[in-house]
Amino acid sequence: MSIVIGTNYVWNIVSATVMGLQTAAFAGCASRQKSRLDLPHSAEVGSRATEKLSDEENEEFARFQKVHQAHIEYLPLAQSSVLLAGLFYPKLSAYAGAAYIVGRLVYSISYIKCGPEGRKYGVFFICPSVITLLGASLYGGFKALALI
């Protein structure tokens, strides 16, 4: 089986690029949050630098940090999956990549605004899209190896 990269694959590249930009944007948000709270760049949740914050400011800072960490944890999986699944199923994986991007945006905003309860709104998009991307990557790979 040969893999032909057609024009539809461009959307997979766009999806992977937007995922990276989205992660960088939320890193910038977390950095601006540190500046707004007059914290050093190296400040982390629970560090000595955050002791001066009120409980509300500390909780807000923690939410920004957790959103940023969640982006970083899933970025390699999401980007590689959208690119690999796109080799076999470019339209399906581009749509799943778009759903991931929307879900990550909803997750981030709702988590920052509502706290941990807000995660459920973004996870509604994130989990199915990641499962779709992983499934398409594996199925396409096994099919290319003639194992299916």
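The values are calculated or read from the model by the stated rules, or taken from the named source; none is laboratory data. As the structure is a computational prediction, the values presented were derived from the model and not from experiment. Only protein heavy atoms, including side chains, enter the accessible area calculation; ligands, DNA and RNA are left aside. Shrake-Rupley method; radii C 1.70, N 1.55, O 1.52, S 1.80 Å.
Students sometimes get this wrong: rank ILE5, ILE112 by accessible area, probe 1.4 Å, all chains present, largest first.
Of ILE5, ILE112, the descending order of accessible area is ILE5, ILE112.
Order the following by accessible area, largest value first: PHE26, PHE61, PHE142. Probe radius 1.4 Å; ligands, DNA and RNA are ignored.
PHE142, PHE26, PHE61
To the nearest 10 square angstrom, what accessible area does TYR100 show with a 1.4 Å probe?
Counting only protein heavy atoms, the figure is 10 Å².
From the phi angles alone, apply the Karplus equation (6.51, -1.76, 1.60; θ = phi - 60°) to the stretch 115-126 and give each ³J(HN,Hα) in whole Hz, x where the residue is Gly or Pro.
The phi angles translate into x, x, 5, x, 4, 4, 5, x, 5, 4, 9, 5 Hz.
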